[in-house]
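The values are calculated or read from the model by the stated rules, or taken from the named source; none is laboratory data. Small disclaimer: the values here were computed from a predicted structure and weren't measured. Heads up, the Cβs are rebuilt from the backbone with ideal geometry, glycines too, and the neighbour counts pull from every protein chain shown.
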Amino acid sequence: MDLPYEVLVYLFKYLPKSDRKAASETCRSCIEYINFTDCYNLKDDAVKEVVKGLRRLRQLQLRGCNQLTDETLAAIGAHCTKLQFLDVQGCRNMSPELACSIGSLPTLHTVLMSKPGPYIDNGKKNRAPAPAFLPSLMRKLRLH
């Protein structure tokens, strides 16, 4: 029997604090999908804290979260070992090189990301040149 969400929330507030904490930690470990699409003010520290206990996370959508950086990708790679799908399109502060490095996650099959900005902007290098293996890796991971 599945209770409506509103009923569960109502009952949850009557649990002792220690039981609420245990229940929230149990629920957190069961989460498989998170969608933070267009959360413009989302910061690396928040995402790093969220993904710490999400061992079962399979899909993560961060599209349009334009303040996130490579720190978020590193945390995802370290904690989300069952991740299958990652959308970081519009996350312009993430390097494509690090996004490709999380391709080593055993279950990851889809990474959606925007094309990186220009290598030279106003006569200055704005990032390291792409490694020679990057084009073939991007084809393998179907990165667009």
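Determine which single condition TYR33 fails, assuming it passes every other condition in (1) under 13 Å from the mean Cα position of the chain (by Cα); (2) modelled with pLDDT under 75.
Answer for TYR33: the failing condition is (2).
Consider PRO131 carefully, then state whether it is at pLDDT below 80, surrounded by 13 or more Cβ atoms within 10 Å (Cβ to Cβ) and assigned to a loop (DSSP other than H, G, I, E, B). First the steps, then the outcome.
Numbers: at pLDDT below 80: yes; surrounded by 13 or more Cβ atoms within 10 Å (Cβ to Cβ): no; assigned to a loop (DSSP other than H, G, I, E, B): yes.
So PRO131 fails the test.
Considering each residue of the range 99-113, count those that are of a type outside the set (Gly, Ala, Ser) and surrounded by fewer than 17 Cβ atoms within 10 Å (Cβ to Cβ), and give that number. Even if it seems obvious, please write down each step before you answer.
Residues of the range 99-113 that are of a type outside the set (Gly, Ala, Ser), as a first pass: 100, 102, 105-113.
From what's left, surrounded by fewer than 17 Cβ atoms within 10 Å (Cβ to Cβ): 106-107, 109-110.
Residues meeting the conditions: 4.
Against the conditions (1) exposed (fewer than 12 other Cβ atoms within 10 Å of the Cβ); (2) at pLDDT 65 or above, where does GLN84 fall short? Just the number, please.
Just one mismatch for GLN84, condition (1).
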